[in-house]
Amino acid sequence: MVTTGSPSYGPDLARLLDDHRPQGPEETADHERARSLLGAADPWNRGTFPLHFTASALIVHPPTRRVLLRWHVRQQAWLQVGGHGDPGETRPLDIALREGREETGLADLTPWPDAALAHLVVVPVPASPVEPAHEHADLRFLLSTGTPDRARPENPASPLEWLTVEEAVQRTTEDNLRETLARVARLLPPA
């Protein structure tokens, strides 16, 4: 399928969105909204309001069936790692990998079970002193590590916790992350 988009920012995003199959009406609506960003000059620019792309990842350690959650101060919630693309970054998986490494110190992160988009969610972001309230079209990937004990928070205000999927479902307050966790649970090897 040929999709329009900026030559600098559209092709990787268009391909990723073309290959992703939304699950259910909510993700289908979010998918359509995300596709509407493909014509933007820079859909990763955090000044693109009211909606711009972010990339995130749920980090898993398949042998122990655990996932890593991070406390997000601005959102006041336990969430997956991730964030905005840096200037010049255009590849969603690369952004998720960089954010994962920065936020956890894990140098061995790799796509798991493959590099496909696991979930697409449009999430609200509260206003801050420098930004109005807006939304992120969050492109979620799954990453694995073979060295879970090396995880270190990037700062004391953002602790990390390894949890079973069931514990993570209880810990988070976000239904969209619970859906991501349900998708992970279906992929993990049996206990």
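Note on the chain: with a GNM built from Cα contacts shorter than 10 Å, the maximum mean-square fluctuation among ASP149, ASP19, ASP108 falls on ASP149. With the charge dipole of the chain set up from +1 on Lys and Arg Cβ and -1 on Asp and Glu Cβ about the Cα centre, the Cα lying farthest toward the positive end among the listed residues LEU177, PRO190, VAL121 is that of PRO190. Using a probe of 1.4 angstrom and keeping all protein chains present, the accessible surface of the chain works out to 48 square angstrom per residue. Only DSSP H runs of four or more residues enter the estimate; each adds -39500 (n - 2.57), and after division by the residues of the chain the mean residue ellipticity at 222 nm equals -8500 deg cm²/dmol. Reducing the range 139-157 and the range 166-185 to their Cα centroids gives an inter-centroid distance of 16 Å. Dipole check for the range 74-191: with +1 at the C-beta of Lys and Arg, -1 at the C-beta of Asp and Glu, and the Cα centre as origin, the magnitude is about 180 Debye. For the range 9-109, trypsin sites (Lys or Arg not before Pro) meeting the loop criterion (DSSP other than H, G, I, E, B) and having at most 11 other Cβ atoms within 10 Å: ARG74.
Between VAL169 and ALA157, the contour length at 0.36 nm per residue exceeds the alpha carbon distance by 2.2 nm.
The values are calculated or read from the model by the stated rules, or taken from the named source; none is laboratory data. Model, not experiment: these values are computed from the prediction. Here the Cβ is made from the backbone with ideal geometry for all residues, glycine too, and neighbour counts use every protein chain on show. Just so you know, the surface numbers come from the protein's heavy atoms only, side chains and all, with ligands and any DNA or RNA stripped out. Shrake-Rupley method; radii C 1.70, N 1.55, O 1.52, S 1.80 Å.
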